[in-house]
Amino acid sequence: DRLEAALARYDRRRRAEIRRIQRAAHYSAQWYENLPRYIDLPPVEMFALLEQRHSRVLPHVPPRLYYKIGHLVDRVASLRRSPGTPA
């Protein structure tokens, strides 16, 4: 019984990990299949979005808007981490 339970747990964990990797691969493939959507962006924006290609949201938001929101979030986060800045 313990062996069966251990194997079942192992199987659930492995399947969950495989699903995570398959989702990431799906969104990555989707990004490349829609490359014309990103190709005319400035290189900095295009490559920033390439790094974000696993996002579930990116395919549904205009690329420039997604980039600007991400850039703004990064700036706010860095301000919060700055030394001497009140929390």
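The values are calculated or read from the model by the stated rules, or taken from the named source; none is laboratory data. This structure is a prediction, so every number in the text was calculated from the model and none was measured. Every residue, glycine as well, gets a Cβ built from its backbone with ideal geometry; the counts of neighbours run over all protein chains shown. SASA here: full protein model, heavy atoms, side chains in, ligands and nucleic acids out. Shrake-Rupley method; radii C 1.70, N 1.55, O 1.52, S 1.80 Å.
Of note:
- Restricting attention to the stretch 7-48, the residues that are open to solvent by less than 50 Å² (accessible area, probe 1.4 Å), aliphatic (A, V, I, L, M) and more than 15 Å from Tyr66 (Cβ to Cβ) add up to 4.
- Cross-chain or 6+ apart pairs with Cβ under 6 Å, the stretch 47-71 first and more than 15 Å from Glu33 (Cβ to Cβ), then of a type in the set (Ser, Thr, Tyr): Ala48/Tyr67
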